[in-house]
Every structure is written in C-alpha cells, then in structure tokens.
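The structure under discussion appears below in the form of structure tokens.
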Amino acid sequence: MYKSKINIQIRIADLDAMGHVNNGVIYSYFDIGRLHYFGLLEEDIHWETFDKVVVHTACDFKDSILFQDDIRVETRISEMGNKSVKMQQQIIDNRTEKVKSTCFSVLSGFDRENNTSKLISPEFREKVERFENNQIKK
C-alpha cells in the first residue's frame, strides 16, 4: 500500500517530439514523489544536513504519459538495511488507475563530511516504520 501520493502537473516542456512525456522527465516526477515522501516524514527538510543519496534507480515505462493525462506519483519504502533503504514508486493515471511507470531506487545513508556511506539513523528508521505501519522488510 502506498500512503505517499502526490499529483503531478504535466507541462508542455515535458513532452518529446512524439507528444509523450519524455522518459528523462519521468525520473523528475519520481524525484518529486521522493521529496514528498521525505516531507511527510520530516517537518522540515534541511538540505545542508540531509544524509541520504540515491545510489541506484531502475524504471519501467509501462504506458505512454500524454499531456492530457491526470497522474500521481505514489511512493513507499519497502525495505531497510543497515546503511540503505529500498524505495518503490509508481505513476498512476488518476482517471483509470492504470500504472503508467514504476521505479525502484536504493538510497544510502551518507556522511557528507567524509564522503562515505553511513548507518541509517534510528530516528529515521522509526519515522519510516511508523509511517509505513511496520510493513518494512528488514
């Protein structure tokens, strides 16, 4: 179940020559969904101290997204390790509920000072588990 959902406004600049939303733009939609998810967990996101980075993404483009489509991005964290979290996302057509695209990401805890990975904090782990109703694989 996805508790984090955000509607996306498609812009003309998002379209390719075929009239579809460009695949690269779809990644930016998933970024918007990811930021929305973190915003639901944290009252304020402070980018100077934010300690997670995306280290892997894989996207499946299941159906074209067109300018007139009404879409949303749904996001969840499905698994947490010691130093990383696995995130699943999907773009849904609000009119038909059809899945237009899916994305799988791995985010790593990140120590900015030493430019290395680090453990996921217990505070973040608690927030995710509470938000996801303890549905996280460990």
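Here are some notes:
- Within the stretch 37-78, considering residues that are among the acidic types (Asp, Glu) and assigned to a strand (DSSP E or B), the one nearest to Ile92 (Cα to Cα): Glu74
- Here the stretch 28-83 is the region considered, the condition is being touching a residue at least 40 places away in the same chain (Cβ under 8 Å) and basic (Lys, Arg), and the residue that is surrounded by the fewest Cβ atoms within 10 Å (Cβ to Cβ) is Lys62.
- Of the candidates Ser121, Ser101, the single residue that is out of contact with any Lys or Arg (no Cβ under 8 Å at 6 or more places or on another chain) and among the small types (Gly, Ala, Ser) is Ser121.
- Residue in the stretch 25-36 that is at pLDDT 95 or above, over 13 Å from the mean Cα position of the chain (by Cα) and in a helix (DSSP H, G or I) present: yes
- Filtered by the rule that a residue be surrounded by 15 or more Cβ atoms within 10 Å (Cβ to Cβ) and either over 15 Å from Ser84 (Cα atoms) or of a type in the set (A, V, I, L, M) (or both), the stretch 112-126 gives a lone residue, Ile120.
- Matching residues in the stretch 93-138 - criterion: being farther than 14 Å from Phe50 by Cβ, outside any loop (DSSP other than H, G, I, E, B) and of a type in the set (Lys, Arg): Lys100, Arg125, Arg130, Lys137
The values are calculated or read from the model by the stated rules, or taken from the named source; none is laboratory data. Everything numeric in this text was worked out from a predicted model, so none of it was measured. Please note: Cβ atoms are built from the backbone with ideal geometry, for glycine as well, and neighbour counts cover all protein chains shown.
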